[in-house]
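The values are calculated or read from the model by the stated rules, or taken from the named source; none is laboratory data. What you are looking at is a predicted structure, and each value in this text was computed from that prediction instead of being measured. Positions of Cβ are backbone-derived with ideal geometry, glycine not excepted, and every protein chain shown enters the neighbour counts.
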Amino acid sequence: MSSSEFMRRPPLRIGIVGAGYVSRHHIEALRRLPFVRLVGIADINYDAAQAAAQRYGIPLACRKLEELATASPEAIYLLTPPHTHCPLALQALDMGCHVFVEKPMAETAEECDRMIARARETGLALSVNHSDKFDPVVQRGLRLVLDGACGQTLAADVIRSSSYAPYAGGPLPPVYSKGSFPFQDLGVHSLYLLEAFLGPIEQLDVEFRSTGRDPDLLFDEWFVQARCARGTGRAYLSWNVRPMQNRIRVYCSAGVVEMDRFLQLLTVTRSLPGPKFPQMVLQAVRNSACATFVVPWNVLRFFTGRLPPSPGIRAGAVAFARALYEGVPPPVSADEGRRMVQLMEEASRAADEQWRARRRIALAPLPPASCLVTGASGFLGRALLNRLRQQGVCVRVLVRREVPEWRADKGIQIVLGNLGDPEVVEAAVRGVQTVFHVGAAMKGSRESFQAGTVWGTRNIVEACLKHGVRRLVHVSSLSVLDHASHRPGTLVTESWPLEPFPERRGWYTQTKLQAERIVLEAVREHGLDAVILRPGQIFGPGAANFTPSGAISLAGRWWICGSGRARLPLVFVEDVVDALLLAAEARVPPGSIFHLVDPTPVTQREYVAASRLRFGAAIRVRYVPRFLLMLAAYGVACLSRLLGRDLPLSPYRVRSLRPLSELDCSAAHNVLGWRPRIGVRRGLELTFAAPE
């Protein structure tokens with residue numbers, strides 16, 4: 001096609017299906033093409049589709065593919081999870097649209113066959129985005145290898161590490177609901193790259209295993225060995241290796257070519273005449289000099305926008321659009337996409353079968369049990385479990401990781417799963433009389449807190465209502481209360497105001513407050529029999545080195561706000577267990593709330609002194625005047641606004657560091673009959689006793 005003919009043709013009308021992470025790379029690349037017009041975007045999450053449409057000036061946002069028909073697209077880009085590729089591709093082809101699918105082409109070779117057959121029937125183009133082949137540094141490496149610049153190709157290694165967004169609760173997303181998802185997600189890249197450098201794969205062996213580091217991601221280590229037409233290829237895919245790796249190394253008879261896709265760095269180590277050791281030194285110096293120049297240059301290009309993120313995804317999207325506009329075959333054929341899926345299919349099937357078997361075990365009905373303890377592997381949960389077992393109670397536990405010593409105890413029923421998973425929580429609650437909801441997220445990302453605390457509590461409440469649980473004992477926290485407005489000497493009762501600005505306090509406070517409200521709403525609206533306990537700072541053997549209230553742990557030190565004479569709201573772990581057991585049986589109105597703090601005064605300095613009896617100089621403390629900490633907080637707040645991200649120190653958080661020490665626990669004393677049996681003085685002795 002001549003350049004004049006090229007420019008006279010009307011723009012290619014493209015519709016986007018899927019408004020997730022990858023869509024922005026396609027959209028931003030396509031918007032730069034003068035011969036492309038984006039006419040609409042669809043996503044089952046309409047808010048996401050609408051946000052993308054507004055951001056990029058796309059005229060139509062809708063929920064379903066068929067709604068895009070009103071915009072008369074000529075091509076559809078399918079940027080959705082793999083299990084949707086086949087039905088959506090068939091639908092788009094029937095609409096008369098060319099189809100470009102994100103990798104992998106589909107989940108099975110049979111689905112690929114159906115897509116290919118329909119494309120042939122309609123005479124439309126069908127292609128898949130094997131994006132890593134279009135990455136600039138891979139393109140350069142391919143040219144070197146295929147041109148024979150380093151001699152005969154012998155072998156290749158691909159290493160790729162990755163991470164997924166933590167599970168945020170609710171119905172399991174594809175990432176965590178299939179054993180094969182990691183392999184289908186990244187393994188496909190490895191396979192077509194090995195073929196690109198070594199020729200067609202003739203035999204493939206795949207192994208996978210679980211390290212247990214992320215209980216939600218079952219198989220997080222994958223090993224591939226491929227016999228190809230021109231050598232042997234290997235791939236290692238890991239969701240654990242840090243720092244992140246994305247490298248390809250090709251071994252040839254006269255040199256080694258290495259591509260670092262993250263850094264966009266290509267190094268070539270060639271065989272040179274002369275002794276071996278000088279060659280090695282010379283090549284190392286040369287490659288180091290190359291990296292010293294290229295890496296900063298690429299960083300500069302990235303920050304100035306000349307090197308966009310995920311360049312391979314963008315280049316693949318552009319290549320398909322250009323092929324359509326020029327009337328030539330797409331650069332990646334549907335047959336290639338099918339071949340990759342067929343190569344992955346056996347290992348994917350085996351991983352999925354193992355995932356389903358594990359799921360069946362997690363959801364299988366269990367014999368009735370007296371109670372369920374969530375968070376049983378945590379500090380308080382484990383203490384509660386031990387007490388219940390000492391009393392001969394049959395206990396069911398819901399934990400993310402199996403605890404080996406529990407296997408021999410026939411009185412412990414173990415359900416493995418995430419509190420955020422509604423199906424697992426229902427299976428755990430089914431058949432119990434009392435639920436001790438101790439589990440909650442203590443650290444991690446926003447998603448971790450949402451799953452472990454908010455979704456976890458919502459799931460527990462709904463399961464308790466569904467299965468008629470006798471009582472729910474919910475462990476809340478004093479963090480849900482308004483700390484910033486408290487003044488020394490003011491008594492804090494259960495009616496003290498709740499935190500008015502939880503978003504300023506951090507994810508722990510936000511989600512614990514949401515969780516407590518979920519329980520109280522279920523009491524009001526559905527008659528749930530629930531009791532809420534708000535313990536102070538729980539301590540005891542096994543949790544000796546925690547940061548006391550009113551302090552920040554930073555750079556290996558405790559930075560205590562003030563003189564250190566503030567009283568701490570302490571309570572010994574075994575005394576909290578006493579309260580939990582009392583709350584399970586007490587005749588109290590549903591929705592009753594009780595504070596649990598030991599009345600014996602212990603200051604921050606006294607706690608530090610007790611800690612040093614065991615840990616000595618390892619406990620490093622600085623007492624910082626409140627005004628200095630506040631000045632630092634204002635500086636951090638300015639930096640936070642400059643960076644556009646939330647940082648862990650702010651003026652409001654400093655104001656909220658004030659410990660709530662004047663707690664009125666008369667309700668727990670008079671209604672539950674709870675009084676500290678061990679107390680903080682004896683508790684400190686037990687906690688900080690020298691190890692035997």
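Evaluate the following for ILE552: is it modelled with pLDDT under 90 and of a type outside the set (Lys, Arg)? Reasoning before the result, please.
Working: modelled with pLDDT under 90: yes; of a type outside the set (Lys, Arg): yes.
Yes.
Taking only pairs six or more apart or across chains, which ones have beta-carbon atoms under 6 Å, a first residue in region 1-19 that is exposed (fewer than 10 other Cβ atoms within 10 Å of the Cβ), and a second residue that is of a type in the set (A, V, I, L, M) and at pLDDT 95 or above?
none
Looking only at region 324-336, which residues are more than 25 Å from ARG37 (Cβ to Cβ) and in a loop (DSSP other than H, G, I, E, B)?
SER333
Step by step: first the residues of region 475-506, then only those that are surrounded by fewer than 20 Cβ atoms within 10 Å (Cβ to Cβ) and of a type in the set (A, V, I, L, M), then the one that is nearest to the chain's Cα centre (by Cα). Which residue is that?
LEU498
What number of residues within region 97-127 are in contact (Cβ under 8 Å) with a residue 40 or more places away in the chain, in a helix (DSSP H, G or I) and either closer than 21 Å to ALA69 by Cβ or small (Gly, Ala, Ser) (or both)?
Qualifying residue count, region 97-127: 3.
If we scan region 434-443, do we find a residue that is at pLDDT below 95, more than 17 Å from GLY417 (Cβ to Cβ) and of a type outside the set (A, V, I, L, M)?
Yes, some residue in region 434-443 is at pLDDT below 95, more than 17 Å from GLY417 (Cβ to Cβ) and of a type outside the set (A, V, I, L, M).
Let me confirm something: among VAL318, VAL250, VAL257, VAL206, which residue is in contact with a helix residue (DSSP H, G or I) (Cβ under 6 Å, 6 or more places away or on another chain), at pLDDT 95 or above and surrounded by fewer than 19 Cβ atoms within 10 Å (Cβ to Cβ)?
Only one candidate passes the filter, namely VAL318.
Among all residue pairs at least 6 apart or on different chains, which show Cβ distances below 7 Å where the first residue, located in region 133-150, is more than 18 Å from GLU195 (Cβ to Cβ) and the second is surrounded by fewer than 17 Cβ atoms within 10 Å (Cβ to Cβ)?
CYS150/ALA254; CYS150/ARG270
Among the residues of region 604-621, are any surrounded by 13 or more Cβ atoms within 10 Å (Cβ to Cβ), in contact with a helix residue (DSSP H, G or I) (Cβ under 9 Å, 6 or more places away or on another chain) and closer than 25 Å to LEU672 by Cβ?
No: region 604-621 contains no residue that is surrounded by 13 or more Cβ atoms within 10 Å (Cβ to Cβ), in contact with a helix residue (DSSP H, G or I) (Cβ under 9 Å, 6 or more places away or on another chain) and closer than 25 Å to LEU672 by Cβ.
Which strands (runs of 3 or more DSSP E) sit wholly inside region 531-631 and have at least 2 residues that are closer than 21 Å to LEU686 by Cβ?
Correct list: 537-539, 570-572.
Which ranges mark the strands (runs of 3 or more DSSP E) fully within region 191-253 that have 3 or more residues being under 25 Å from the mean Cα position of the chain (by Cα)?
201-209, 221-228, 231-238
Would you confirm whether or not region 41-52 contains a residue that is more than 26 Å from VAL175 (Cβ to Cβ), buried (at least 21 other Cβ atoms within 10 Å of the Cβ) and either among the aromatic types (Phe, Trp, Tyr) or at pLDDT 95 or above (or both)?
Within region 41-52, none of the residues are more than 26 Å from VAL175 (Cβ to Cβ), buried (at least 21 other Cβ atoms within 10 Å of the Cβ) and either among the aromatic types (Phe, Trp, Tyr) or at pLDDT 95 or above (or both).
Look at GLU447 and say whether it is touching a Pro at 6+ places or on another chain (Cβ under 6 Å) and outside the structural domain of ASP220 (by TED's automatic domain parsing).
For GLU447, the condition - touching a Pro at 6+ places or on another chain (Cβ under 6 Å) and outside the structural domain of ASP220 (by TED's automatic domain parsing) - is met.
Taking the conditions exactly as written (surrounded by 15 or more Cβ atoms within 10 Å (Cβ to Cβ), of a type in the set (Val, Ile, Thr) and closer than 24 Å to LEU198 by Cα), does VAL268 satisfy them or not?
When the stated conditions are applied, VAL268 passes them.
Restricting to region 420-446, what's the tally of residues that are closer than 24 Å to THR211 by Cα, in contact (Cβ under 8 Å) with a residue 60 or more places away in the chain and surrounded by 17 or more Cβ atoms within 10 Å (Cβ to Cβ)?
6
Quickly run through region 632-650 and pick out the residues that are part of a helix (DSSP H, G or I) and in contact with a strand residue (DSSP E or B) (Cβ under 9 Å, 6 or more places away or on another chain).
ALA632
Check LEU380, LEU398 and return the single one that is under 20 Å from SER476 (Cβ atoms), assigned to a strand (DSSP E or B) and among the hydrophobic types (A, V, I, L, M, F, W, C).
LEU398
Checking ARG339 against (1) assigned to a loop (DSSP other than H, G, I, E, B); (2) among the charged types (D, E, K, R); (3) crowded, with 18+ Cβ neighbours inside 10 Å, only one condition comes out false. Which one?
So the condition that ARG339 fails would be (1).
Does any residue of region 451-468 turn out to be out of contact with any Lys or Arg (no Cβ under 9 Å at 6 or more places or on another chain), over 19 Å from TRP507 (Cα atoms), at pLDDT 95 or above and not in a helix (DSSP H, G or I)?
There is at least one residue in region 451-468 that is out of contact with any Lys or Arg (no Cβ under 9 Å at 6 or more places or on another chain), over 19 Å from TRP507 (Cα atoms), at pLDDT 95 or above and not in a helix (DSSP H, G or I).
Restricting to region 501-549, name every residue that is in contact with an Asp or Glu (Cβ under 7 Å, 6 or more places away or on another chain) and without any contact (Cβ under 8 Å) to a residue 60 or more places away in the chain.
THR509, LEU513
The rows are residues; the columns are (1) within 26 Å of the chain's Cα centre (by Cα); (2) modelled with pLDDT under 95; (3) surrounded by fewer than 16 Cβ atoms within 10 Å (Cβ to Cβ).
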| site | (1), (2), (3) |
| --- | --- |
| ALA29 | no, no, no |
| VAL39 | no, no, no |
| LYS64 | no, no, yes |
| ILE76 | no, no, no |
| THR80 | yes, no, no |
| VAL101 | yes, no, no |
| HIS130 | yes, no, no |
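Restricting to region 383-415, what's the tally of residues that are within 19 Å of GLY540 (Cα to Cα), out of contact with any Leu (no Cβ under 7 Å at 6 or more places or on another chain) and crowded, with 19+ Cβ neighbours inside 10 Å?
Adding up the residues that qualify gives 3.
Can you name the condition, by its number, that PHE302 falls short on among (1) part of a helix (DSSP H, G or I); (2) more than 31 Å from the chain's Cα centre (by Cα); (3) surrounded by 12 or more Cβ atoms within 10 Å (Cβ to Cβ)?
(2)
Search region 646-674 for residues being more than 29 Å from ALA584 (Cβ to Cβ) and touching a Leu at 6+ places or on another chain (Cβ under 9 Å), and hand back the single one that is surrounded by the most Cβ atoms within 10 Å (Cβ to Cβ).
VAL654
Could you check ALA323 against (1) of a type in the set (Gly, Ala, Ser); (2) within 32 Å of the chain's Cα centre (by Cα); (3) surrounded by fewer than 19 Cβ atoms within 10 Å (Cβ to Cβ) and say which number it fails?
If we test ALA323 against (1) of a type in the set (Gly, Ala, Ser); (2) within 32 Å of the chain's Cα centre (by Cα); (3) surrounded by fewer than 19 Cβ atoms within 10 Å (Cβ to Cβ), just (2) comes out false.
Given the condition more than 32 Å from the chain's Cα centre (by Cα), surrounded by 13 or more Cβ atoms within 10 Å (Cβ to Cβ), over 25 Å from PRO502 (Cβ atoms) and not charged (D, E, K, R), answer yes or no: does some residue in region 630-643 qualify?
Checking region 630-643: not a single residue is more than 32 Å from the chain's Cα centre (by Cα), surrounded by 13 or more Cβ atoms within 10 Å (Cβ to Cβ), over 25 Å from PRO502 (Cβ atoms) and not charged (D, E, K, R).
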